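Only the coordinates and a few stated rules stand behind these numbers; no lab work does. Every value quoted in this text rests on a predicted model; they were computed, and no experiment measured them. So basically every Cβ, Gly included, is an ideal-geometry build from the backbone, and we count neighbours across all protein chains shown.
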Amino acid sequence: MTAVADTPTTVRAARTPRTRRRSAGASAAVRTALLWIASAAIGLAVWSFLAWWYGPTTIASPAEVWTAAKELAESGVLWTSIWASAQRILIGWSLGVVIGAPIGILMGRVNIVRQLLDPYIEFFRFIPPIAFVTLAVVWFGIGETSKVVLIFYTSVFIVTVSTIAATVAISENKLQAATNLGAGKLQIMKTVVLPSSVPGIITGARLAMGNSFLTIVSAEIVAADHGIGSMIWQARNYGRIDWTFVGIIVLGIMGFLFDRILRLLSTRYLARYGVK
């Protein structure tokens, strides 16, 4: 028998689909990067025009904001504020997820628990955290606890409601199949309910993260020496509108990064549960 050697044409033909996929991926990445750059350029142009039109007392220009950011960074105020706010958000948000997810699963699966807790969930989730700022300071003092409690308050109900919706939406066929195979209630909870609820928990966690950033400013304005909210309030007192813009932009960047990290971790480690 004579072995037939692969010709260059055959090799090129075999590699063509993979090469095309890589080329398409690279082209998509370049296109996305160019769109981001174009979007940023347009945004900066519009911002610069509005700053020129209304004047520096109303809207700080990009150059003024950059100078103010360097000033705050060199003095250490910016980094201290970012670290303080990030700690408060992460602690309060984590507590909200850790407590809200189990409550949501229990309310979704156990009718008596849902009937007992549902009135409280539906009552308190419509009261904004800012309404409790004064009470939080009175009850927990001006330290870190009051800020963390407010972040927890704004997170726990969102995670709970999202988890309830995911738990209730579980197909009865899955539950019945597990029962027919001899699984007990605890086994069903561990092998069917909890894995099926993970996407809802992650969705609630992401929504809660966004609301945590909405709450941190009001919490830090009232009683805090450090934090982005405190920095924005001090900017008002000193008439530094450029500091205010720095605080707003930093909050947006922090929120973007936190959400991206959460999405990356959840899709990497929880993809088997249907998280995308």
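At 30 angstrom or more along the helix axis (alpha-carbon based) and mean Kyte-Doolittle of 0.0 or higher, what helices does the chain contain? Whole DSSP H runs only.
The answer, listed by residue number, is 8-54, 77-109, 144-168, 194-222, 241-269.
For Y238, project a label point 7 Å along Cα to C-beta. Then give me every residue of the range 50-79 with its amide nitrogen under 17 Å of that point.
57, 60-61, 64-79
Charges only on Cβ, +1 for Lys and Arg, -1 for Asp and Glu: so what's the dipole of the range 212-263 about the Cα centre, in debye to the nearest 20?
Computed about the Cα centre, the dipole is about 140 debye.
May I have the count of lysine pairs in the chain with C-alpha atoms under 27 Å apart, counting pairs 8 or more residues apart or located on different chains?
Number of lysine pairs found: 4.
Gap in Å between the Cα centre of the range 191-265 and the Cα centre of the range 100-144?
If we compute the Cα centre of each part, the gap is 19 Å.
If I build a Gaussian network model for the chain, linking alpha-carbon pairs within less than 10 angstrom, which residue out of E122, E64, E144 has the largest mean-square fluctuation?
For the chain, modelled as a Gaussian network with Cα springs under 10 Å, the answer is E122.
If you wrap a convex hull around the alpha carbons of the chain, what volume per residue comes out, as a whole number of Å³?
Here the figure is 224 Å³ per residue.
Take each of the peptides 230-238, 30-38, 135-143, average the number of other beta-carbon atoms within 10 Å over its residues, and list them starting from the highest.
230-238, 135-143, 30-38
State to the nearest 20 debye the size of the charge dipole of the range 153-276 about its Cα centre, where the only charges are +1 on K and R beta carbons and -1 on D and E beta carbons.
500 debye
Below 8 Å, C-alpha to C-alpha, sequence gap of six or more: please give me the relative contact order for the chain in percent.
Relative contact order of the chain: 22 percent.
Would you work out if the range 19-142 is rounded, prolate or oblate? Take a ≥ b ≥ c from the square roots of the eigenvalues of the alpha-carbon gyration tensor; rounded if a/c is under 1.5, else prolate when a/b is larger than b/c, oblate otherwise.
It is oblate, given that a/c is not under 1.5 and a/b is not larger than b/c.
Once you have a ≥ b ≥ c as the square roots of the Cα gyration tensor eigenvalues for the range 90-131, tell me rounded if a/c is under 1.5, and otherwise prolate or oblate according to whether a/b is larger than b/c.
The shape class here is oblate.
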